[in-house]
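Trainee: Take this structure first; my questions come after.
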Amino acid sequence: MIPLHATCLLTGNFCDECKKKIEERKFTGEDLKVLKAMVKIANKVDINSVEIFHCFEFEKFFLILTISPAGLLIGRRGRTATFLSKELGKRVRVVSISDFSTTLSEILSPVQFKIGTVYEGGKKYIRIYIKKESAQKLPANIPKLKQAISSFAKREFEIVFI
Ligand SMILES: [Zn+2]
């Protein structure tokens, strides 16, 4: 379900109800771009049960993190994703949030990584190890990736190149 009014998304003039929801759910400009694209394709495909978490505009694609199964926004033979890409002017990668490692592997694909847990100063955090030679295949720069990962990570993390 698109959580904001279609008219508000299309015009960019948000009513008080939408403004409140944007604040509550911390929707960013990138989220709003994707939600607007969803409004535009809603008459062509059934995306009623799609629930968006957060979206991130990477260089090569829009990363769309969903709470609902990813397939709902990809559609049969990728039909929904194709319509979305046309609206957004960029490919889309839809990832449904599940456990940390699975979600991360879908975001970073094709780059592989290893995860370690580090205890330091009584604090526990996650360390993501990525091979130096894969760095150039990453789908976005490190700050952007960190922003996306932080949105669903339940614990602090760091990215280390080995
Ligand atoms: Zn509204």
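Trainee: Shape call for the chain from the C-alpha gyration tensor, a ≥ b ≥ c root eigenvalues: rounded (a/c under 1.5), prolate (a/b greater than b/c) or oblate? Intermediate results must be reported in sequence, preceding the final value.
Mentor: On the way: a/c = 2.29, a/b = 1.65, b/c = 1.39.
Prolate.
Trainee: Here's a follow-up. Under a cut-off of 21 Å between alpha-carbon atoms, report the lysines in cross-link reach of residue 154, not counting same-chain residues fewer than 8 places apart.
Mentor: Straight-line reach from residue 154, under 21 Å: 26, 114, 123, 124, 144, 146.
Trainee: Next up: Rounded to the nearest 5, what % of the DSSP beta bridges within the chain are antiparallel ones? Don't jump to the answer; show the numbers that get you there.
Mentor: On the way: 13 of 24 bridges.
Roughly 55 percent of the DSSP beta bridges within the chain come out antiparallel.
Trainee: What longest region of the chain stays clear of GluC sites (Glu not before Pro) that DSSP places outside H, G, I, E and B and that have at most 13 other Cβ atoms within 10 Å? Show your work: numbers first, answer last.
Mentor: Working: sites that count: 59, 156.
Value returned for the longest uninterrupted segment is 60-155.
Trainee: Can I ask one more? At residue 20 and residue 118, where each label point lies 7 Å from the Cα along Cα→Cβ, what is the point-to-point distance in nanometres?
Mentor: My value for the distance between the label points is 4.3 nm.
Trainee: Then there is this: Would you mind checking the tilt of helix 29-41 against the longest principal axis of the Cα atoms of the chain, expressed as 0 to 90 degrees and rounded to 10?
Mentor: The two axes meet at around 40 degrees.
Trainee: Report, in degrees rounded to the nearest 10, the 0 to 90 angle that the Cα long axis of helix 79-88 makes with the longest principal axis of the chain.
Mentor: 90
Trainee: When only Cα pairs under 8 Å and 6 or more residues apart are kept, what is the percent relative contact order across the chain? List each step's numbers first, then the result.
Mentor: Values: 220 pairs, mean separation 26.3, N = 162.
After rounding, I find 16 percent.
Trainee: Provide the per-residue ³J(HN,Hα) series for the stretch 155-162, in order, calculated from phi with Karplus coefficients 6.51, -1.76, 1.60 and θ = phi - 60°, each as a whole number of Hz, with x at glycine and proline positions.
Mentor: Coupling constants for the stretch 155-162: 9, 5, 8, 9, 10, 10, 9, 10 Hz.
We did not get these values from a lab; they are worked out from the coordinates using the rules stated. If you're wondering where the values come from, they're calculated on a predicted model, not measured in any experiment. Positions of Cβ are backbone-derived with ideal geometry, glycine not excepted, and every protein chain shown enters the neighbour counts.
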